[in-house]
Amino acid sequence: MATSIQDVVTILEKWAPTGSAESWDNVGLHVGDPSRDVSKGLIALDMTPQVLEEAKSIGVQLIVTHHPLFFKPVDRLTPDHPVGHLGLKLAEAGIALYCIHTNLDVAKDGVSFALAGQLGLKNIQFLGSLGERLVKLAVFVPASHADAVKESLAKAGAGRIGKYDSCSFTTSGTGSFRPLEGSSPHVGEAGGDLERVEELRIEVEVPRWNLPSVLQAMREAHPYDEVAYDLFPLEQDYRSAGIGAIGELASSEPLSAFLARVSTALENPAVRFVGDLDSVIQKVAVCGGAGSRFMHLAMKRGADAYVTADITYHHFFEALDSDGGPKMALVDPGHYETERATETILVEYLSTKLPRVDWNRTATRTAPVKTFVHSSFQISNMR
Ligand SMILES: [Zn+2]
């Protein structure tokens, strides 16, 4: 059976649900008809004219990028609008585009886990949790329909805890109600007497972003026209997604060696940093892309170094103590460099899950920025 673009979307969103993306983001299918077949795909960090040419030359039906093509509103698909023109050319070439951005940033084994792996970190965990992401759903169901409702809730993604699914808790009791005129009760009659029914209270944990589909699944499986349920916000962390990553090097090394490691692993000869070159690095926090806002999280977790990108001049000051010495090494090897492994993990994941499609990693370096390294300079901040 052929693989459709929708099959690709479904498998990607199993790993990185679109609902877990930031509210300002624009993830998902940007161009294309999900019912079309795909036999060859191309993975790139960014959608650029060079990537489009590459896609056309190797004959793909789908491009998957990390960064969204359509981010700010586009008001025309004409040659004088760089983003709109790319959209037009994709459509003309019959090539679909799917973007998996901040939902892959926060996914387990996503962007930051890939970066941590590239730097040789072990025991990789999330650096921070995504707060206020979980709710508890308690629904009251007559015993006859309890299994059907439980099954439906689980299918919609409720009750997933760590490596377990279909997690729920059930207690029994008596539900009472009086059907008013105009109702269509499962038990009793409209305008009739007070009814007492043996009901079960089923409790499940639900990620907040998944609530609409879980509530719909609950209503579809429930026999009542008016379903009684409660929602409670939960304080505990949502463990299936999180911010950045933290881990340890197999053995400690001085910052000078760690910088060489970063430079080599991420293929950037110039790495900006704050830190003492002799300081000992073992515990390392990372965040692929622009992650300077999580610097204090890295300090709180006791990281010796934090590797992220797009660190501004003033952000670098925040890594200093009141005497001007470094509290933690802060390392910026570049946005593209900290996220490039995303191409590898996407190719690996899709090749495993949808092996009938020929998945290709782009040969194009999509970063618009290059680094000039002058041969006679070493570290420019030695004095
Ligand atoms: Zn990025």
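The values are calculated or read from the model by the stated rules, or taken from the named source; none is laboratory data. Owing to the predicted nature of the structure, the values given are computational and were not obtained by experimental measurement. Positions of Cβ are backbone-derived with ideal geometry, glycine not excepted, and every protein chain shown enters the neighbour counts.
For this structure, a couple of remarks:
- Number of the exception - residue 282 against (1) part of a loop (DSSP other than H, G, I, E, B); (2) more than 16 Å from the ligand (Cβ to nearest atom); (3) among the polar types (S, T, N, Q): (1)
- Exactly one residue out of 33, 75, 46, 80 is in a loop (DSSP other than H, G, I, E, B) and within 16 Å of the ligand (Cβ to nearest atom): that is 46.
- Condition met for residue 200 (within 30 Å of residue 154 (Cβ to Cβ) and not assigned by TED's automatic domain parsing to the domain that holds residue 13): yes
- Residue in segment 305-339 that is nearest to residue 119 (Cα to Cα), counting only those that are more than 14 Å from the ligand (Cβ to nearest atom) and of a type in the set (Asp, Glu): 318
- Meets criteria (among the charged types (D, E, K, R) and touching a His at 6+ places or on another chain (Cβ under 9 Å)) for residue 348: no
- Every listed requirement among (1) of a type in the set (A, V, I, L, M); (2) under 25 Å from residue 336 (Cβ atoms); (3) assigned to a loop (DSSP other than H, G, I, E, B) is met by residue 114 save one, (3).
- Qualifying residues in segment 76-116 (those that are farther than 24 Å from residue 40 by Cβ and loosely packed, with under 15 Cβ neighbours inside 10 Å) - the one nearest to the chain's Cα centre (by Cα): 82
- Any hit, segment 353-369, residues being within 14 Å of the ligand (Cβ to nearest atom), assigned to a loop (DSSP other than H, G, I, E, B), farther than 30 Å from residue 8 by Cα and at pLDDT below 95: yes
- Segment 132-163: number of residues that are outside any helix (DSSP H, G or I) and of a type in the set (Ser, Thr, Tyr): 0
- Elements of the type strands (runs of 3 or more DSSP E) sitting completely within segment 214-255 and holding at least 1 residues that are under 30 Å from residue 181 (Cβ atoms): these cover 229-233.
- Residue 349 vs. criteria in a helix (DSSP H, G or I), within 21 Å of residue 16 (Cα to Cα), of a type in the set (Ser, Thr, Tyr) and touching a helix residue (DSSP H, G or I) at 6+ places or on another chain (Cβ under 8 Å): yes
- Subset of segment 60-72 [touching a Gly at 6+ places or on another chain (Cβ under 9 Å) and either more than 11 Å from the ligand (Cβ to nearest atom) or without any contact (Cβ under 8 Å) to a residue 24 or more places away in the chain (or both)]: 60, 61, 62, 63, 64, 69, 70
- Residues that are part of a strand (DSSP E or B) and either under 10 Å from residue 253 (Cα atoms) or not small (Gly, Ala, Ser) (or both) were ranked within segment 285-295; the one that is farthest from the ligand (Cβ to nearest atom) is 286.
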